[in-house]
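Please treat every number below as a calculation from the coordinates, not as lab data. This one's a predicted model, so the numbers in the text were calculated from it and none came from an experiment. Quick reminder, even Gly has a Cβ in these numbers, built from the backbone with ideal geometry, and neighbours come from all protein chains shown.
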Amino acid sequence: MPVNWPFAHDALNLRGTGKQQIQHNDADRQTLTAKAILHDLATRPGTLLSDEVGMGKTYVALAVAASVIVATKGKQGPVVIMVPSRLRGKWQREWDHFKRHCAVGASLDWIKDTYAHSPTEFFKLLDDNDQTRKHLVFVTTGCFSGGLGDPWIKLAMIRLAR
């Protein structure tokens, strides 16, 4: 199924606001990269984002996630960000910082986020109704390894994969 997730121009300003601004050329590069990823996702199931430390990969990824959530109005299930365990807290802090400094006005305030500690918690989040559904879910790369011995978790993963 083709998707069309445009960059959320009206909601995002990757240059930042107030004293937290970055150089125009860096913000333009990050915006261009986020747009390219969103364009590629129309025909591919994923993409690889890599660059040197400090080049803005986290904010590009968050801009892509925010753009998808804004484009779908949060109604197509959560955007899931999977990170190594040691970086989970950093990514959640970066998301909070991103919303404060890159959102135009209060454009991202409606987005609800959470962290799924276990596979059971993750699958429960997928079943939430429209009023309680989280739009952005953080999980760690090891989240599912402990739950794979549970036959219900295996069944849920198979169901989700189909």
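Note on the range 1-30: among residues that are among the β-branched types (Val, Ile, Thr) and free of Cβ contacts under 8 Å to residues at least 40 places away in the same chain, the one that is nearest to SER67 (Cα to Cα) is VAL3. In this structure, GLY142 does satisfy being of a type outside the set (Lys, Arg), exposed (fewer than 15 other Cβ atoms within 10 Å of the Cβ) and more than 29 Å from ALA36 (Cβ to Cβ).
For (1) within 16 Å of the chain's Cα centre (by Cα); (2) surrounded by fewer than 12 Cβ atoms within 10 Å (Cβ to Cβ); (3) without any contact (Cβ under 8 Å) to a residue 12 or more places away in the chain; (4) on the phi < 0 side of the Ramachandran plot, each residue gets a yes or a no:
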residue: TRP91; (1), (2), (3), (4): yes, no, no, yes
residue: ALA103; (1), (2), (3), (4): yes, no, no, yes
residue: ALA106; (1), (2), (3), (4): no, yes, yes, yes
residue: TYR115; (1), (2), (3), (4): yes, no, no, yes
residue: PRO119; (1), (2), (3), (4): no, no, no, yes
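Checking the structure you have, find out if any residue of the range 130-144 is free of Cβ contacts under 8 Å to residues at least 12 places away in the same chain and among the acidic types (Asp, Glu). No, the conditions are met nowhere in the range 130-144.
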